[in-house]
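The structure appears right after this line, and notes come after that.
A short reminder: the numbers here are calculations on the coordinates, not readings from a lab. On a predicted model such as this, the values are computed, not experimentally measured, just so you know. Here Cβ is always computed from backbone atoms with ideal geometry, including for glycine, and neighbour counts include all displayed protein chains.
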Amino acid sequence: MAIIRGVNLLLKIMKSEIKDIEKTKKEISVDVSKEEFAPYIEQAAKKLSKNLQIPGFRPGHIPFGIIKENIGIENILEEAVSKASNDFFLKAVKEGNLTIVGTPQGRIEKLSEDGFSLSAQVEVLDEVILPDYKKIAKETPMKEVSVSEEEVKETLQSLQKSRAKFKKVLREAKKGDFVVIDGEIRFGNAKIENGDIKDQSFILFDEKNKFIPGFEEQILGMREGEEKSFSLMAPSNFWKKELQGKPLDIKIKLKELFELELPEINDEFAKNLGNFQNKDDLEKSIREGIKIEKEDEEKQKWRMKVLEKISENTIVDIPRVLIDREKDVMIEDFKQNVERTGIPFNQYLEGLGKTVDDLKKDWEEDAKKRVKMMLAINEIFQKENIKVEEKEIEEKTNEFLKRYQKIEDVGKDIQSQELGEEGLDPEKLKMYIEDNLRVEKVFELLEKFNLN
């Protein structure tokens, strides 16, 4: 009899079926037998009866029939299926060799003490077919960088300006002066949004300035305390779209005017900047620093060029959920960049004449491209059997956190959904660091292929 019972049990194991709905969407159906469901019912009954007081029985030793009478079979089955459905769903996924992306949309079709059935629609990632990425990396040249004397000179001049003394003058403003102004920008009879200019200070005609063309020319010749009104055409890249190409009425007051007294660039200047013996030593350090920056910039360009070539030739059907998720990340990143300028995001969108949904529609192809790149990176990571050790994650996490005086400042550099909406989530930070390490290790490997 024992052997017969064993055979019957084998015939009543879980049955699963996987049907194609779309290329990247499938439906999983699972039937779980009475025998497989029984342990879950027993566990659920024990859990729900933990605090049940029945005369004549010790807690935890109450017969199932009495528990059922007091708690109700519906409650026991509901508790049991919450754990069992997850276990048997994951078993079906594993047996079907599926890679699930996104959240499954499932439901219980049938539920009783004799077992249960469930069905779930899932988005899946099928095979990612890579091109010859080693050949692509090897055949993509990395540009050699050089540093010109003009670049060294410009850096020296920037350092010179940073050490300048400010001397108040009562003459007319000229190029190279440091000015402080107040004012406002109007269109028609109304002041435009963010049109106030308050205590804005800058060096006239410094290359870092990003004013409306013709704005700085109007300040030339003004004296401290003088006011001036003029009109300029809003450029084609003006942040408020509806005003592009239209005349803006501007009123300014020159509050303060300073002449810059620049120190002479000599050996003494170099020594005062830090651990430099003389001017030549300073110039050497500047040249080396510029070269490192340019090499890093070229490396990043090379990495992107190689990744784009690999991605363009990668064959994969991208699940819709990954594209939508990437667009959400892009929107959040864009929003944070806009709000860092002091302009509310909704106001900026109004200026563009667009909604968030419009942006998502516009960014569809960019999102697909970004997802495909990450899938290619992940596939190379798996194929090359690259590892990220726990020790590496811990070290990088500590390095990362040391850059911030306050833990809240972390969110200024990373999208909130990556670290947790309510503050820094240690697990999410760990995942963020691990993802970055995975990407970095793949790029380092591609660079080795380029050198070999």
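Could you pull out the longest piece of the chain with no exposed loop chymotrypsin sites (Phe, Trp or Tyr not before Pro) in it, calling a site exposed if DSSP puts it outside H, G, I, E, B and it has at most 15 other Cβ atoms within 10 Å? Each step should come with its number before you reach the end.
Details: sites that count: Phe57, Phe205, Phe211, Tyr404.
No qualifying site falls inside 212-403, the longest such stretch.
To the nearest 0.05, what FRET efficiency results for Lys175 and Lys241 with a Förster distance of 30 Å applied to their C-beta separation? Write out the running numbers ahead of the final one.
Numbers: r = 32 Å, r/R0 = 1.07.
Efficiency computed from Cβ-Cβ geometry: 0.40.
With respect to the chain, whose longest principal axis is taken over its alpha-carbon atoms, helix 364-383 is tilted by about 60°.
For region 162-196, GluC sites (Glu not before Pro) are listed when DSSP marks them as loop and at most 16 other Cβ atoms sit within 10 Å of their Cβ; the list is Glu172. Between region 322-336 and region 173-200, what is the C-alpha centre distance in whole Å? That distance is 34 Å.
Listed by chain and number, the lysines placed with their C-alpha closer than 24 angstrom to that of Lys134 are Lys143, Lys299, Lys301, Lys305, Lys309, Lys368, Lys369, Lys372, Lys383, Lys387, Lys441, Lys448; residues fewer than eight positions away on the same chain are left out.
Amide H contacts of Asp126: Asp317, each under 5 Å away and 5 or more positions distant or on a separate chain (H built 1.01 Å from N in the peptide plane; Pro and chain starts excluded). Computed extension gain for Glu440 through Lys383, at 0.36 nm per residue and net of the alpha carbon distance, reaches 19.0 nm.
With the Cα gyration tensor of region 164-261 giving a ≥ b ≥ c as the square roots of its eigenvalues, does the rule (a/c under 1.5 for rounded; else a/b larger than b/c for prolate; else oblate) give rounded, prolate or oblate? The partial results should precede the final answer.
Working: a/c = 2.40, a/b = 1.84, b/c = 1.31.
Prolate is the answer for region 164-261, as a/c is 1.5 or above and a/b outweighs b/c.
Our Cα-only numbers for the chain put the radius of gyration and Dmax at 33.2, 112 Å. Shown here: region 70-190, whose C-alpha atoms stretch 96, 56, 35 Å along the first, second and third principal axes, sorted largest to smallest.
Seen against the Cα atoms of the chain and their longest principal axis, helix 149-162 is set at about 90 degrees. Only helices enter the 222 nm calculation for the chain: every DSSP H run of n ≥ 4 contributes -39,500 (n - 2.57), and dividing by all residues gives -16000 deg cm²/dmol, rounded to 500. Give the calculated FRET efficiency between Lys360 and Lys305 to the nearest 0.05, with a Förster radius of 25 Å applied to their Cβ-Cβ distance. Once the sixth-power term is evaluated, E becomes 0.40.
Couplings 3J(HN,Hα) for region 290-306, derived from phi with the Karplus relation 6.51 cos²θ - 1.76 cosθ + 1.60 (θ = phi - 60°), are 4, 5, 4, 4, 5, 5, 5, 4, 5, 4, 5, 5, 4, 4, 5, 5, 5 Hz, where x marks Gly and Pro. The distance between label points at Glu150 and Asn313 comes to 3.7 nm (points 7 Å beyond Cα on the Cα→Cβ vector). Taking every Cα-Cα distance in region 2-124 and sorting them into 10 Å bins from zero, the calculated P(r) comes out as 12, 36, 28, 17, 6, 1 percent. Applying both filters, DSSP loop and at most 12 other Cβ atoms within 10 Å, to the GluC sites (Glu not before Pro) of region 74-162 gives Glu127, Glu144. Across region 197-212, coupling constants 3J(HN,Hα) worked out from phi with the 6.51/-1.76/1.60 Karplus curve, θ = phi - 60°, read 10, 10, 6, 7, 10, 5, 8, 4, 6, 6, 5, 7, 5, 10, 9, 4 Hz, and Gly and Pro carry x. Which distance in nm do the two modelled labels at Ile197 and Ser285 give, with both placed 7 Å along the Cα-to-Cβ direction? Reported label-point gap for Ile197 and Ser285 is 3.8 nm. Computed from Cα positions, the angle between helix 34-48 and the longest principal axis of the chain comes to roughly 70 degrees. In this structure, Glu74 and Leu98 have a Cβ-Cβ separation that, at R0 = 35 Å, corresponds to a calculated FRET efficiency of about 0.65. Listed by chain and number, the aspartates and glutamates placed with their C-alpha closer than 13 angstrom to that of Lys228 are Asp182, Glu184, Glu216, Glu217, Asp249; residues fewer than eight positions away on the same chain are left out.
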